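Just below is one structure, and these are the notes that go with it.
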Amino acid sequence: MYWNWKIGGIALGLIFFAAVALVKPIGVSTQFVILDGIIAKALNPGVVTQDKTNKSGYRSLNPYLNKSGGKYARSVANPWNYSFIFVLSMIVGGLLGRFFTCPEDDKPSGSIPEHHRRRFGDTAALRYLMAFIGGVLVLWGSRMAGGCTSGHMMSGMMQTALSGYLFAFAVFVVAVPVAIILYKKQGE
Amino acid sequence: MNIFLAIVIGAIFGFILQRVGAADPDKILGMLRLTDLHLAKTILTGIGVSSILLFLGLAIGWISPSHIHVKSLYAGVLMGGLVFGLGWAISGFCPGTGVVAMGAGRKDAAFFVLGGLVGAALFMVMYGPFSSTCLFHGLLGGKVTLAQAGKFKALIGGAAGTFVAVVIGLVFIVLSAKLPTSFRSEKG
């Protein structure tokens, strides 16, 4: 059984508060860019180079990694930084969470969501394709918006940031009708 | 010390996301289809609790204002949010919950993360020509909050700001408690 909303909501609130009290607001989507940068740098070391004249001490050929004085370029060159390790550690957290799931609730790994199964059937490949396409759109959108559910919606609205309210509005105004139509139940 | 905190807070955050059901696409799609609002109640409570603690902590000086990071408000937040919403509804994952679900052993989440890396890379390539357009021009002063948080611009400053933020936090919690678990009933 998942936690009920009272316990879950308080736990979620406390961890978002603890993060900003101890270090800084939680954010995730930037780290997809950092991992892309790390991969690009492994293929071509010239993508990120040291440059004392840039504010961060690093420079990138890519305008996005180079923005704000090469802030992202520095993270790519030094992957053992707070934000990147934070997201890697979330993977471990997900694994730990699964250990606490009762066996009868535990869905088989690689499972197809029930919503998908009853609308599109049991073909795993179709679910994987939709998850992949969703991933492309979600991360492209996150980077265009400058944050995701964690950074904009939770951390942003926690700080009463106007950008957080706008992001939340934009996300739900599309996500709700699309989910209702796409995962419509037979006979509904 | 920061790396230690990244590991601990990241793992706890991932654990909580898994335990509240946020890393389960069925719970996300249930929320977006308005048939199971449990997760919406959890998120609203989370924002309310963290926001009240944050603004009280700032007011009594327990939290360093330097920890506050407000994201900029620009047209791209709206556009990115709309694209994000589409991908979220298709996949049932967002960046953080996709990473956590992958850790919990979901194969579809691994495809989501892969798609995310592609989406982020696409944005990195497109950013150069985009960066000078009005999509990225700060609106209403860019990094701006409703209530004064840290050194960022705010519509309401000082003690009045703290009061407003706490009231908004309480509204979130009351809204969460009053929200029914479902707006639409499942048929069939």
For the stretch B:20-37, which residues satisfy the criterion of being facing chain A (nearest Cβ under 7 Å), buried (at least 24 other Cβ atoms within 10 Å of the Cβ) and assigned to a helix (DSSP H, G or I)?
-> B:PRO25, B:LEU29, B:LEU32
Exactly one of B:VAL70, B:VAL100 is of a type in the set (A, V, I, L, M, F, W, C) and in a loop (DSSP other than H, G, I, E, B), and that one is B:VAL70
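Are any residues in the stretch A:5-57 part of a loop (DSSP other than H, G, I, E, B) and either more than 21 Å from the chain's Cα centre (by Cα) or more than 7 Å from every other protein chain (Cβ to nearest Cβ) (or both), and if so, which ones?
A:GLY27, A:ASN44, A:ASP51, A:LYS52, A:THR53, A:ASN54, A:LYS55, A:SER56, A:GLY57
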If you take the residues in the stretch B:71-124 that are more than 7 Å from chain A (Cβ to nearest Cβ) and among the hydroxyl-bearing types (Ser, Thr, Tyr), which one is nearest to B:ALA149 (Cα to Cα)?
-> B:TYR74
Counting only residues that are among the hydroxyl-bearing types (Ser, Thr, Tyr) and assigned to a helix (DSSP H, G or I), the stretch B:152-188 contains a total of 2
Any chance the stretch B:128-151 includes a residue that's aromatic (Phe, Trp, Tyr), more than 28 Å from B:THR45 (Cα to Cα), surrounded by 14 or more Cβ atoms within 10 Å (Cβ to Cβ) and in contact with a helix residue (DSSP H, G or I) (Cβ under 8 Å, 6 or more places away or on another chain)?
-> yes
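Looking only at residues that are at pLDDT below 95 and at negative phi in the stretch A:169-188, which one is farthest from the other protein chains (Cβ to nearest Cβ)? Step through it out loud before you land on a result.
Kept after step one, since they are at pLDDT below 95, are these residues of the stretch A:169-188: A:184-188.
Still in the list and also at negative phi: A:184-186, A:188.
Details: A:LYS184: 9, A:LYS185: 6, A:GLN186: 6, A:GLU188: 5 Å.
Restricting to residues being at pLDDT below 95 and at negative phi, the top hit is A:LYS184.
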Might you check whether a residue that is facing another protein chain (nearest Cβ under 7 Å), of a type in the set (A, V, I, L, M, F, W, C) and within 28 Å of A:LEU35 (Cα to Cα) occurs anywhere in the stretch B:50-63?
-> no
Since A:SER155 meets every condition but one in (1) surrounded by fewer than 24 Cβ atoms within 10 Å (Cβ to Cβ); (2) of a type outside the set (Phe, Trp, Tyr); (3) modelled with pLDDT of 95 or more, which condition does it not meet?
-> (1)
Evaluate the following for A:LEU166: is it surrounded by fewer than 24 Cβ atoms within 10 Å (Cβ to Cβ), at pLDDT 95 or above, within 19 Å of B:GLY80 (Cβ to Cβ) and within 7 Å of chain B (Cβ to nearest Cβ)?
-> yes
Pairing a residue in the stretch B:143-163 that is of a type outside the set (Phe, Trp, Tyr) with any residue that is at pLDDT below 90 and assigned to a helix (DSSP H, G or I), where Cβ atoms lie under 7 Å and the two sit 6 or more apart in sequence or on different chains, gives B:GLN148/B:GLY158
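The values are calculated or read from the model by the stated rules, or taken from the named source; none is laboratory data. Being a predicted model, the structure only gives us computed values, none of them experimental. Using ideal geometry, Cβ is built from the backbone for each residue, glycine included, and neighbour counts are taken over all protein chains shown.
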